[in-house]
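The values are calculated or read from the model by the stated rules, or taken from the named source; none is laboratory data. These figures come from a predicted structure and were not determined experimentally. Ideal geometry is used to build each Cβ from the backbone, glycine not excepted, and the neighbour counts take in all protein chains shown.
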Amino acid sequence: MKDITLGQFFPGDSLIHRFDPRVKLIALLLYMVELFLVKTLFGFVFMAALLALAVLISRIPMKLMFRAVRPLLLLILFTSLLNLFYTKGDTLFRVWKLTATWQGLELGLFMVLRISLLVLSSSLLTYTTSPIMLTDAMERLLSPLKALHVPVGELAMMMTIALRFIPVLVEETDKIMSAQKARGADFESGGILKRAKAMVPILVPLFISAFRRADELAVAMECRCYHTDGERTRLKSMAMARRDHVLIAVMLLLIPAILFGTNRVAFSIIPKTL
Amino acid sequence: MSRLEVSSLTHVYSVGTPFERMAIEDVTFTVEPGEYVGIIGHTGSGKSTLVQHLNGLMKPTSGAVLLDGKNIWERGTDIRALRFRVGLVFQYPEYQLFEDTVYRDISFGPRNMGLEESEIDSRVRWAAELCGVDESLLSRSPFELSGGQKRRVAIAGVLAMQPEILIMDEPTAGLDPRGRDEILSHVQRYHKERGASVLLVSHSMEDVARQVDSVLVMQRGRLALRGSVREVFSKTEELKEMGLSVPQVTAVFARLCAAGLDLPREVFTVEQGVEAIRKLMIERGILA
Amino acid sequence: MKEQDMVEMIDLTFSYPGEKDGAVLKEVNLEIEKGSFVAVLGHNGSGKSTLAKHMNAVLLPVGGKVYVEGIDTADADRLFEVRQRVGMAFQNPDNQIVATIVEEDVAFAPENLNLPREETAHRVETALKAVDMWEYREHSAHQLSGGQKQRVAIAGIIAMMPHCIVLDEPTAMLDPLGRTEVLNTVKKLNEEQGITIVMITHYMKEATMAQRIVVMDRGRIAMDGTPREVFSRVEELKDLGLEVPQATALVHELHKLCPALPDNVIDEQEAADAILHLFKEGAV
């Protein structure tokens, strides 16, 4: 549980930290789209190199970046195995009734790279952008929806609070689990039904505590003059600088670069002799 | 043989990562059957990590915990069964209540032990009575009770397992003086009636002085002091250096002794204090 | 209402809707003077928290009136004026910090008040410096100690520039170090910035810092006076479920044996001095 790094922020003053959060958000979206456009190994290497460069500039330790992928390792492994065995093509090797193919190997590899880069790039965003800046950015990007009576401000506030309380609740879950274990609760054995039932002593206290916290927080917010109507200022200003324009331009230019550049580079792991 | 033996216990968090941190280091001590031990130290001194090793919630990085001479992590030991023998009450235990009635919540532990229904029933009633939970509350929902009542129900839930060693992590945190005295008297009764060893983690030097036989002081993950209440609290200076206090009355006596009055330094409770000064008053002819 | 009153309560009565057990507060009359430091003592269920929540309109009287600097707290149009003047800190520091990063949390109230950005930034800086947490402005609140979190919560209130801060058992969940940090901060705010402090607590030791102690019992004010006056009534305090500090109890017991000793010492220094004085006199 403690490995969850989602929503963690590491303050700093690098170029990556200083980009306008709205621009970072758009850049991330573009990067994700581009990951789905990439069709060749060369393309992935190119995209990975770009991300590595960004991480270097941000001065976020590489170790920390990889910690973000760890919780998803199993999922990544599983999907790539599916790809390895269930793709038709030239036989690589056989296990039992399953046939691994060269094409499957390549597709599996692509999948690993794609998911990892997705997770790594979003982690870089949350590592270098404070949660409030991020929600502010979302609120501003979504503000045209206010015309459609979507409560964008309230949604952003909910998001802020959710991010604030993730680590608190993770810690609380740990504590409740230990307390129930101390009373002999068994979370590790039995079938699915038994295990599901074993969760009750954790979930009930967790929900009750979450409601209590919500209650207290609501009063504390009221005491600090929170209201949903009218404007709120922001501590941090958001102003686009030249660097932000450059970032967006680069991210946009990557699309044709991938479609007409890297996708045409014939660079494959499949042996030519096949 | 000691009931509990902790030998060279060390625990390192997140071994092999950049977040590696030594939580406790080379801690050794023993607890005798029926001994009441106070554990004091700052937040972050390793107290909580230490007590979670004693019932096998945490595994030592090195060193061992022995219960009645047997290493609890020896192959073949049922660690879940061990937790019934070493009961642990966490801080703010009322936040672990989950059943729809007080009765069922207290019976959670005994039920996990696999006891007979009649035995469960008698233990639930016994523990409730011991913790001052009125019979009429047993059928109520624990969530309707007051804060102090919830706390007592949660403690009864651990006592119902009748552990030979009872560990309590700040059982009185956040309670008012009356609630605190009640809880401490229930613990005292359990200790006396069952002859159980009790380990009480507390920030209140006054409570520790009034309740326990001996004290264990943790400081930066190490065992700094271990001895009887008298031995530990007479080390006023050492405790002060660690940023810990002594009971207020002990501090008053330290001042009086420093000013040259012929009084004992080992005074920890108001009663002892009154008695010592009364003696001196008679000696000096102030009192007849 | 007197000019110098921060809060005035007149015949304040309150009961929770649907509660059978009767009123939580019964015709309470209380004035809190501007710039003063008042401790409100009482056991759990004595009504002390309910009393506190009336000081900034979190709760509204069922009977009677509450005025904050002359403003009726029941006046819905002036709600934010009341809340800006009287800030409130609670027991659990975790449940009052809204934003993940310290400085962003402290900015929450000024943002709600829609203050200009420069003013907001200035207030955040002043507030964090007042509680000695400026170096931690970019830290995540989750990684702070209990005492530090509580100081951040207090900074979040100071950023509203209130005239009065009500603290509802601010130290109950803290360890001794955290407790000292918070108490020193509160004392400093009172002495250096002249902010009126109302501190709810059940630790008598903490109440000795105040200029005035109000003891609550069963929805009424049971005692009201200086710490010295209140501390001389040891038996009554014990009956009210409160605990008398050891130094006070010691000298109080000795006073019964030997009336030459005072019966109202409030800390260990005074206790030691009184006993020493007695023996010096006695030796002569």
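Could you say whether any residue in segment B:226-246 is in contact with a Gly (Cβ under 7 Å, 6 or more places away or on another chain) and more than 25 Å from C:L174 (Cα to Cα)? Show your work before the answer.
Step one: list which residues in segment B:226-246 are in contact with a Gly (Cβ under 7 Å, 6 or more places away or on another chain), which gives none.
No, segment B:226-246 contains no residue that is in contact with a Gly (Cβ under 7 Å, 6 or more places away or on another chain) and more than 25 Å from C:L174 (Cα to Cα).
If you take the residues in segment B:185-207 that are within 12 Å of chain C (Cβ to nearest Cβ) and within 13 Å of the chain's Cα centre (by Cα), which one is farthest from B:T43 (Cα to Cα)?
B:D207
I need the full set of residues from segment B:115-143 which are closer than 16 Å to B:G87 by Cα and not hydrophobic (A, V, I, L, M, F, W, C), in order please.
Residue satisfying the conditions is B:R123 alone.
Going through segment B:1-50 one residue at a time, which ones are part of a loop (DSSP other than H, G, I, E, B), of a type outside the set (D, E, K, R) and within 14 Å of another protein chain (Cβ to nearest Cβ)?
Of everything in segment B:1-50, those that are part of a loop (DSSP other than H, G, I, E, B), of a type outside the set (D, E, K, R) and within 14 Å of another protein chain (Cβ to nearest Cβ) turn out to be B:S14, B:V15, B:G16, B:T17, B:P18, B:F19, B:G41, B:H42, B:T43, B:G44, B:S45, B:G46.
Which one is surrounded by the fewest Cβ atoms within 10 Å (Cβ to Cβ), of the residues in segment B:35-83 that are at pLDDT 95 or above and either among the aromatic types (F, W, Y) or farther than 20 Å from B:T10 by Cα (or both)?
Among those residues, the one meeting the criterion is B:E35.
Just one of A:K88, A:K146 is of a type in the set (D, E, K, R) and not in a helix (DSSP H, G or I); which is it?
A:K88
Kindly provide the set of residues from segment C:101-110 that are touching a residue at least 24 places away in the same chain (Cβ under 8 Å) and either assigned to a helix (DSSP H, G or I) or more than 7 Å from chain A (Cβ to nearest Cβ) (or both), ordered by number.
As a first pass, look at segment C:101-110 and keep what is touching a residue at least 24 places away in the same chain (Cβ under 8 Å): C:101-103, C:105-110.
Passing the criteria: C:V102, C:E103, C:D105, C:V106, C:F108, C:A109, C:P110.
Find the residue count for segment B:159-184, including only residues that are within 14 Å of chain C (Cβ to nearest Cβ), farther than 17 Å from B:G132 by Cβ and touching a Lys or Arg at 6+ places or on another chain (Cβ under 8 Å).
Residues flagged as within 14 Å of chain C (Cβ to nearest Cβ), farther than 17 Å from B:G132 by Cβ and touching a Lys or Arg at 6+ places or on another chain (Cβ under 8 Å) within segment B:159-184 amount to 1.
If you check every pair at least six apart or on different chains, which have Cβ atoms under 6 Å apart with a residue in segment B:42-64 that is on the phi > 0 side of the Ramachandran plot first and a residue that is in a helix (DSSP H, G or I) and among the aliphatic types (A, V, I, L, M) second?
B:G56/B:I79; B:G56/B:L82
Of the numbered conditions (1) in contact with an Asp or Glu (Cβ under 9 Å, 6 or more places away or on another chain); (2) modelled with pLDDT under 90, A:M47 fails exactly one; give the number of that condition.
Answer for A:M47: the failing condition is (2).
Can you name every residue in segment C:118-134 that is among the aliphatic types (A, V, I, L, M) and not in a helix (DSSP H, G or I)?
Answer for segment C:118-134, where residues must be among the aliphatic types (A, V, I, L, M) and not in a helix (DSSP H, G or I): C:V131, C:M133.
Just checking, does segment C:143-156 include any residue being over 12 Å from the mean Cα position of the chain (by Cα), within 26 Å of C:Q246 (Cα to Cα) and part of a helix (DSSP H, G or I)?
Yes; the residues of segment C:143-156 include at least one that is over 12 Å from the mean Cα position of the chain (by Cα), within 26 Å of C:Q246 (Cα to Cα) and part of a helix (DSSP H, G or I).
Conditions tested, residue by residue: (1) outside the structural domain of A:Q8 (by TED's automatic domain parsing); (2) closer than 29 Å to A:R67 by Cβ.
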| position | (1), (2) |
| --- | --- |
| A:G108 | no, yes |
| A:M111 | no, yes |
| A:L120 | no, yes |
| A:T126 | no, yes |
| A:T135 | no, yes |
| A:R140 | no, no |
| A:L145 | no, no |
| A:A162 | yes, yes |
| A:F165 | yes, yes |
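Of the numbered conditions (1) more than 10 Å from every other protein chain (Cβ to nearest Cβ); (2) within 19 Å of the chain's Cα centre (by Cα); (3) buried (at least 19 other Cβ atoms within 10 Å of the Cβ), C:Q211 satisfies every one except a single condition; which is it?
(3)
Might you let me know whether segment A:189-202 holds any residue that is on the phi > 0 side of the Ramachandran plot and surrounded by fewer than 21 Cβ atoms within 10 Å (Cβ to Cβ)?
Yes; the residues of segment A:189-202 include at least one that is on the phi > 0 side of the Ramachandran plot and surrounded by fewer than 21 Cβ atoms within 10 Å (Cβ to Cβ).
How many residues are hydrophobic (A, V, I, L, M, F, W, C) and in contact (Cβ under 8 Å) with a residue 40 or more places away in the chain if we restrict to segment C:66-96?
So the answer is 6.
Name the one entry in A:L247, A:L254, A:L217, A:L203 that is within 14 Å of chain B (Cβ to nearest Cβ) and modelled with pLDDT of 85 or more.
Result of the check over A:L247, A:L254, A:L217, A:L203: A:L203.
Taking the condition hydroxyl-bearing (S, T, Y) and buried (at least 24 other Cβ atoms within 10 Å of the Cβ), does C:T201 pass?
yes
Among the residues of segment B:102-129 satisfying the criterion of being closer than 15 Å to B:R151 by Cα and more than 13 Å from chain A (Cβ to nearest Cβ), which is surrounded by the fewest Cβ atoms within 10 Å (Cβ to Cβ)?
Result: B:E129.
Taking the condition of being assigned to a helix (DSSP H, G or I) and either modelled with pLDDT under 95 or of a type in the set (S, T, Y) (or both), how many residues in segment B:153-182 meet it?
6
State whether the residues of segment A:51-58 include one that is under 18 Å from the mean Cα position of the chain (by Cα), free of Cβ contacts under 8 Å to residues at least 12 places away in the same chain, over 27 Å from A:P167 (Cα atoms) and assigned by TED's automatic domain parsing to the domain that holds A:M251.
Yes, segment A:51-58 has at least one match.
Hey, C:L115 hits all of (1) within 28 Å of C:I71 (Cα to Cα); (2) in a helix (DSSP H, G or I) but one; which does it fall short on?
Single failed check for C:L115: (2).
Is it fair to say B:R210 is more than 11 Å from the chain's Cα centre (by Cα), away from chain C (no Cβ under 14 Å) and in contact (Cβ under 8 Å) with a residue 40 or more places away in the chain?
no
Any chance segment C:22-43 includes a residue that's in a loop (DSSP other than H, G, I, E, B) and more than 28 Å from C:M209 (Cα to Cα)?
Checked against the condition, which is being in a loop (DSSP other than H, G, I, E, B) and more than 28 Å from C:M209 (Cα to Cα), segment C:22-43 yields at least one hit.
Is segment C:91-100 home to any residue that is in contact with a Phe, Trp or Tyr (Cβ under 8 Å, 6 or more places away or on another chain) and more than 7 Å from every other protein chain (Cβ to nearest Cβ)?
No, segment C:91-100 contains no residue that is in contact with a Phe, Trp or Tyr (Cβ under 8 Å, 6 or more places away or on another chain) and more than 7 Å from every other protein chain (Cβ to nearest Cβ).
For segment C:227-284, how many residues are in contact (Cβ under 8 Å) with a residue 24 or more places away in the chain, more than 9 Å from every other protein chain (Cβ to nearest Cβ), not hydrophobic (A, V, I, L, M, F, W, C) and not in a helix (DSSP H, G or I)?
Summing the residues that are in contact (Cβ under 8 Å) with a residue 24 or more places away in the chain, more than 9 Å from every other protein chain (Cβ to nearest Cβ), not hydrophobic (A, V, I, L, M, F, W, C) and not in a helix (DSSP H, G or I) in segment C:227-284 gives 3.
Pick from segment C:111-148 the residues that are within 11 Å of another protein chain (Cβ to nearest Cβ) and charged (D, E, K, R): which of them is surrounded by the most Cβ atoms within 10 Å (Cβ to Cβ)?
By that ranking, first place goes to C:E111.
If I filter segment B:130-148 down to residues being in a helix (DSSP H, G or I) and more than 11 Å from every other protein chain (Cβ to nearest Cβ), which single residue comes out as surrounded by the fewest Cβ atoms within 10 Å (Cβ to Cβ)?
Ranking the qualifying residues of segment B:130-148, first place goes to B:S136.
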